[in-house]
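Undergrad: This is the structure I have questions about; it appears just below.
The values are calculated or read from the model by the stated rules, or taken from the named source; none is laboratory data. Please read these numbers as outputs of a predicted model, since none were measured by experiment. All Cβ positions, even for glycine, are placed from backbone atoms using ideal geometry, and neighbour counts span all protein chains on display. Surface areas here come from the heavy atoms of the whole protein model, side chains and all, with no ligands, DNA or RNA. Shrake-Rupley method; radii C 1.70, N 1.55, O 1.52, S 1.80 Å.
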Amino acid sequence: MGKITMIEGADPAAMADWLEARIAGALAATDGPVAITVPGGSTPFPVFRELTGRKLDFTRLVVWPGDDRIVAEDHPASNTGKIRDLFEAVGAEVATLTIMEEVPHFSLAWLGMGADGHIASLFPNTDPKADDPQRMRRLTPDPLPPEAPFDRITLTMPSLLDSDEIVFTLGGSAEKRTLFEAAAAGENDLPVARFLAAATQPVTCFA
């Protein structure tokens, strides 16, 4: 397991400052495109809005949703559609998750975590593994979250681990922080615990 740094607070501007510095550094290190993967749900969108107002060369940024519900992009439950609206407006490319896509190496993997310890759409019932031979999977959470009762497509652990750096946002939830810290200590076998156990790069968590 790599070093885990906990940062107090869930201020979108502070998170955007952190992301801006990491993305700027990745862009400065190459003349080519830089790929990052980002979460869906409600927590990241205030951060996205802050970040897309920063002075970055977004034309070289490729943004991958970490997962999505299998719905049309104009459906209210689509992460990709909402991410596309924000990032394409500033010149970034937003990838569409399909099993035919070749997943790149990520400069940064940004993840959220559910109250059940799931990351991306790797729910406990899907038994995700760090050595999964597939880079992307279509799957069905069980139980289906009532607020989003849809099948999912998701990057797998090997895809998310193929990154220079990892960052989690927990949205200021004390319950999630307790669960995350227990996972980091190896006190459970939830998806987030398996992921952290396999991570060798720096991990930052905005709690």
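Undergrad: Around Leu61, which amide H atoms from residues at least 5 apart in sequence, or from another chain, sit under 5 Å from its own amide H, with H modelled in the peptide plane?
TA: Residues meeting the criterion, in which the H sits 1.01 Å from N, are Val34, Glu93.
Undergrad: Which residues in the range 125-167 have a backbone N closer than 17 Å to a point placed 7 Å from the Cα of Asp189 along the Cα-to-Cβ line?
TA: Under cut-off, by backbone N: 125-132.
Undergrad: So which residue, out of Ala89, Ala26, Ala184, gets the largest mean-square fluctuation from a GNM of the chain using Cα contacts under 10 Å as springs?
TA: With Cα springs under 10 Å in the chain, the top fluctuation among Ala89, Ala26, Ala184 is at Ala89.
Undergrad: If you don't mind, another one. Rounded, prolate or oblate for the range 144-185? Axes are the square roots of the Cα gyration tensor eigenvalues, ordered a ≥ b ≥ c, and the cut-off for rounded is a/c under 1.5. Could the numbers behind the result be given before it?
TA: Working: a/c = 2.24, a/b = 1.07, b/c = 2.09.
Since a/c reaches 1.5 but b/c is at least a/b, the shape of the range 144-185 is classed as oblate.
Undergrad: Evaluate the relative contact order of the chain (contact order divided by residue number), counting alpha-carbon pairs under 8 angstrom at least 6 apart; express in whole percent. It would help to have the intermediate numbers written out before the result.
TA: On the way: 414 pairs, mean separation 56.3, N = 207.
Averaging sequence separation for qualifying contacts and normalising by length gives 27 percent for the chain.
Undergrad: Roughly to the nearest percent, how much of the accessible area of the chain is carbon and sulfur, given a 1.4 Å probe?
TA: On the way: 4830 of 9240 Å².
Exposed carbon and sulfur together represent 52 percent of the surface.
Undergrad: Can I ask one more? Once label points are set 7 Å from the Cα along Cα→Cβ at both Thr98 and Phe150, what is their separation, rounded to one decimal in nm?
TA: 1.7 nm
Undergrad: Let me have the 222 nm mean residue ellipticity of the chain computed from DSSP H runs of 4+ only, each contributing -39500 (n - 2.57), with the sum over all residues rounded to the nearest 500.
TA: -8000 deg cm²/dmol
Undergrad: Post the alpha-carbon centroid distance, the range 60-100 to the range 169-207, in whole angstrom.
TA: 25 Å
Undergrad: On to the next question. Do me a favour and compute the ellipsoid semi-axes for the range 31-83 from its Cα gyration tensor, root of five times each eigenvalue, largest one first, whole Å.
TA: In descending order, the three semi-axes are 21, 14, 9 Å.
Undergrad: Here's something else I'd like to know. Can you pull out the GluC sites (Glu not before Pro) in the range 140-207 that DSSP calls coil and that have at most 13 other Cβ atoms within 10 Å?
TA: Details: sites: Glu147, Glu165, Glu175, Glu181, Glu187; in loops: Glu147, Glu165, Glu187.
Those that pass, being in a loop and sparsely packed, are Glu147, Glu187.
Undergrad: Here's a follow-up. Could you tell me which GluC sites (Glu not before Pro) in the range 1-84 are loop residues by DSSP with no more than 13 other beta carbons within 10 angstrom of their beta carbon?
TA: Working: sites: Glu8, Glu20, Glu50, Glu73; in loops: Glu8, Glu73.
Answer by residue number: Glu8.
Undergrad: Still on this structure, please answer the following. Got a number for the accessible area of Thr126? Probe 1.4 Å, square angstrom, nearest 10.
TA: 40 Å²
Undergrad: Count of lysine pairs in the chain with Cα atoms under 23 Å apart, counting only pairs 8 or more residues apart in sequence or on different chains?
TA: Values: Lys3/Lys129; Lys3/Lys176; Lys55/Lys82; Lys129/Lys176.
Lysine pairs satisfying the spacing and distance rule in the chain number 4.
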